Amino acid sequence: FGTLMQEYREGVLLFRAEQDAVWNAVKVDENRLKVFWEEHKAEYTWPDRVRFSEIFVTSDSLAKVLRDSLNTSMDFGELAERHTQRTGYKKKMGDWGFQVYEANELSQAASKAEPGWIEGPMKFQYGYSIIKVTEKDKAREKTFEEAQSEVSSKFQEYESKRLEREWIQSLKDKYGVTIHEDVLKKAFTDLKG
C-alpha cells in the first residue's frame, strides 16, 4: 500500500510539474497562429465540393407535384421551406451547405450538374429528394479563417510537444541521466526466457 501511495504521489507531482512547464505555457494568439498557418498552409485544403438545396418528402406523388411546381417557375427555397420533411432543413430552405462530391448520392448527383440545375425527384434514404445545385467550389487551400480551428489545434499540439522536449532536456541538463546498459540488457534478456 505504501508503494502504491508513493507512486500515486509521484504521479500527481509529475502531472503538476508537466502542467506548469508545458500545458500552461502554451500561448495561442492569432499572430502566432497566422505564422504557423503560413508555414503549413498546404496541409489545409478543401476537396472539390458542391453546394445544393433539397426538398425531401416521403411521398412520391407529392414529390412529383413539387417538381411540376418547380417547372412552372415556383421558387425552390420557398417550396423547400414549406414542404421539406427533413428535420432541421425547413428554416435553412433545404440548404445542405458545401458537401464533398462523395458525401452521399445527392452530392454525387449535384457534382455532375451546373449551378441552377434541378434534379429529381430521386429515391433517397426513406423518401424522395429534389435537389437544386447552387454553387461549386474547386479543390483549393483553405483561407486562414476557414482553417483557424484546425490550425489552432495543430499549433497547440506542436507547441506542447516542443515545450515538453525542451523541459525534458532542461531536466536532463540539470540532473543528468545515467543509463545502465548492462541492467537494461539483463532486464530484456530475462523477458525472452
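The values are calculated or read from the model by the stated rules, or taken from the named source; none is laboratory data. These numbers were taken from a predicted model, which means no experiment stands behind them. Using ideal geometry, Cβ is built from the backbone for each residue, glycine included, and neighbour counts are taken over all protein chains shown. These accessible areas exclude ligands, DNA and RNA; they are computed on the full protein's heavy atoms, side chains included. Shrake-Rupley method; radii C 1.70, N 1.55, O 1.52, S 1.80 Å.
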Among the lysines, which have Cα under 28 Å from the Cα of residue 161 when same-chain residues fewer than 8 positions away are ignored? 27, 34, 41, 142, 172, 174
I'd like to know which of 139, 80, 37 lies farthest towards the positive end of the charge dipole of the chain, counting +1 on Cβ of Lys and Arg and -1 on Cβ of Asp and Glu. 80
Give me the number: length gained by fully extending residue 39 to residue 153, i.e. 0.36 nm times residue separation minus the C-alpha to C-alpha distance, one decimal in nm. 39.5 nm
What shape does the chain have by the C-alpha gyration tensor, where a ≥ b ≥ c are the square roots of the eigenvalues, rounded means a/c under 1.5, and otherwise prolate means a/b greater than b/c and oblate the rest? prolate
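Residue 166 to residue 112: extension gain in nm, 0.36 nm per residue of separation minus the Cα-Cα distance?
Extra length available between residue 166 and residue 112 comes to 14.2 nm.
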What number comes out for accessible area per residue over the chain if the probe is 1.4 Å? Units Å², please. 68
So for segment 7-64, taking the charge dipole from beta-carbon charges (+1 Lys/Arg, -1 Asp/Glu), which of 53, 15, 25 sits furthest toward the positive end? 53
Treating the beta-carbon of each Lys and Arg as +1 and of each Asp and Glu as -1, no other charges, what is the dipole magnitude of the chain about its Cα centre, to the nearest 20 debye? 300
Only four residue types carry charge here, +1 at the Cβ of Lys and Arg and -1 at the Cβ of Asp and Glu. Report the dipole size of segment 146-193 about the Cα centre in Debye, rounded to the nearest 20. 280
So which aspartates and glutamates pass the test for residue 92, namely a Cα distance under 12 Å, with those fewer than 8 places away in the same chain ruled out? 54, 78, 81
Loop sites only, by DSSP: take the trypsin sites (Lys or Arg not before Pro) in the chain that have at most 10 other C-beta atoms within 10 Å and name the longest stretch containing none of them. 28-90
Please name whichever of 158, 130, 168 sits farthest to the positive end of the charge dipole of segment 97-193, dipole taken about the Cα centre and charges placed at Cβ: Lys and Arg +1, Asp and Glu -1. 168
Report in % the part of the accessible area of the chain that belongs to carbon and sulfur, leaving out ligands and nucleic acids; probe 1.4 Å. 53
Pick from 177, 28, 100 the residue whose mean-square fluctuation is largest in a GNM of the chain, springs joining Cα atoms under 10 Å. 177
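Looking at segment 63-121, which GluC sites (Glu not before Pro) are in a loop (DSSP not H, G, I, E or B) and have at most 12 other Cβ atoms within 10 Å? It would help to have the intermediate numbers written out before the result.
On the way: sites: 78, 81, 102, 105, 119; in loops: 102.
Qualifying residues, ordered by number: 102.
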Within the chain, helix-based [θ] at 222 nm, where runs of 4 or more DSSP H residues each add -39,500 (n - 2.57), nearest 500: -17000 deg cm²/dmol
Give, rounded to the nearest 20 debye, the magnitude of the charge dipole that segment 1-59 has about its Cα centre when Lys and Arg contribute +1 at Cβ and Asp and Glu contribute -1 at Cβ. 140
Looking at segment 81-189, which chymotrypsin sites (Phe, Trp or Tyr not before Pro) are DSSP coil and have at most 13 other C-beta atoms within 10 Å of their C-beta? 126
Once you've got the GNM for the chain with C-alpha springs shorter than 10 Å, pick whichever of 72, 45, 84 has the biggest mean-square fluctuation. 72
